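Right, one structure below, let's go through it.
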Amino acid sequence: MARRKLAAGNWKMNGDLATLAEIDALCAEHPEPGCEVLICPPAVLIHAMKARTADCPIAIGGQDCHHAVSGAHTGDISAHQLKDAGASYVILGHSERRAHHGETDADVAAKAAAAHEAGLIAIICVGETEAQRDAGETLDIIASQMAGSIPEQATARNTVIAYEPVWAIGTGRTPTNDQIAEVHALMRDRLQARVADAADVRLLYGGSVKPGNATEIFAIAHVDGALVGGASLKASDFGGIVAALQASG
């Protein structure tokens, strides 16, 4: 299948019901986007956002899920519950989850398997820290995280991989085009041994993506879209990124 470009917004722990006005503005600006558009709000907003986008081609996703279907896991949310609330995607293994909650590659793989079982598309995140980049360990770190985080049942239909250099998230810094290209080429290569339809798996770049640099980033080989943080909170900013992705073909 052809890789359909994807602009994914991660609202993190931001937003409330009043913020959904930004979704209305985004829908009005891009009623028929030439790429896939996804917003992953806090879990408490998923149901309301899904209702708000009933007549708008914006997909809704979660920001994490538990690997179990149900049980005594206070404060956690299962993949099935996300699906039931209206989500079609879920972000897994984000660097903030790995750093702040101690999530391992094995945890991410288990969650991804649960997401697949529930019928969700898993966006599996990988990325190196600044210290790892400075030590020349970037490619080894990315390869290791992919090997441990992608479950056996992964396909191009149920899995997206997002490269987010930890040192570029929310800092305004971005890797050079050559650095992004090098990592995305590695990811495509490593998928060959893990996924039968590896050539069709979408690869996203994330880390201080904004309207001003989106066109340049989307011109890089094997970059099929972006996972966007802060710039996805405002329709004017995220709409510019969506427009750049549409124009990239």
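Residue check: is Thr159 touching a residue at least 24 places away in the same chain (Cβ under 8 Å), surrounded by 22 or more Cβ atoms within 10 Å (Cβ to Cβ), over 19 Å from Gln132 (Cα atoms) and out of contact with any Asp or Glu (no Cβ under 7 Å at 6 or more places or on another chain)? Outline the logic, then answer.
On the way: touching a residue at least 24 places away in the same chain (Cβ under 8 Å): yes; surrounded by 22 or more Cβ atoms within 10 Å (Cβ to Cβ): yes; over 19 Å from Gln132 (Cα atoms): yes; out of contact with any Asp or Glu (no Cβ under 7 Å at 6 or more places or on another chain): yes.
The answer is yes for Thr159.
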Pair list, Cβ under 6 Å, 6 or more apart: segment 193-214 residue of a type in the set (D, E, K, R), other residue modelled with pLDDT under 95: Asp200/Met1; Asp200/Arg3; Arg202/Arg3
Where a residue in segment 101-123 is within 12 Å of Gly62 (Cα to Cα) and its partner, wherever it lies, is hydroxyl-bearing (Ser, Thr, Tyr) and assigned to a loop (DSSP other than H, G, I, E, B), with Cβ under 7 Å and at least six apart: Leu120/Ser88; Ile121/Ser88
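Yes/no matrix, rows are residues, columns are (1) surrounded by fewer than 18 Cβ atoms within 10 Å (Cβ to Cβ); (2) over 15 Å from the mean Cα position of the chain (by Cα); (3) more than 28 Å from Ala154 (Cβ to Cβ):
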position	(1), (2), (3)
Gly34	yes, yes, no
Pro41	no, no, no
Ala48	yes, yes, yes
Arg52	no, yes, yes
Gln63	no, no, no
Asp84	yes, yes, no
Val90	no, no, no
Lys111	no, no, no
Members of segment 134-150 found to be in a loop (DSSP other than H, G, I, E, B) and among the small types (Gly, Ala, Ser), listed by number: Ala135, Gly136
Members of segment 232-249 found to be among the aliphatic types (A, V, I, L, M), in a helix (DSSP H, G or I) and surrounded by fewer than 21 Cβ atoms within 10 Å (Cβ to Cβ), listed by number: Ala235, Ala243, Ala247
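Check every one of the strands (runs of 3 or more DSSP E) wholly within segment 16-100 and list those with 2 or more residues that are in contact (Cβ under 8 Å) with a residue 60 or more places away in the chain and under 22 Å from Gly207 (Cα atoms).
36-40, 89-92
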Complete set of residues in segment 151-203 that are outside any loop (DSSP other than H, G, I, E, B), farther than 20 Å from Ser95 by Cβ and among the basic types (Lys, Arg): Arg188
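The values are calculated or read from the model by the stated rules, or taken from the named source; none is laboratory data. Not measured: the values here are computed from a predicted model. Glycine also receives a Cβ, built like all others from the backbone with ideal geometry; neighbour counts cover every protein chain displayed.
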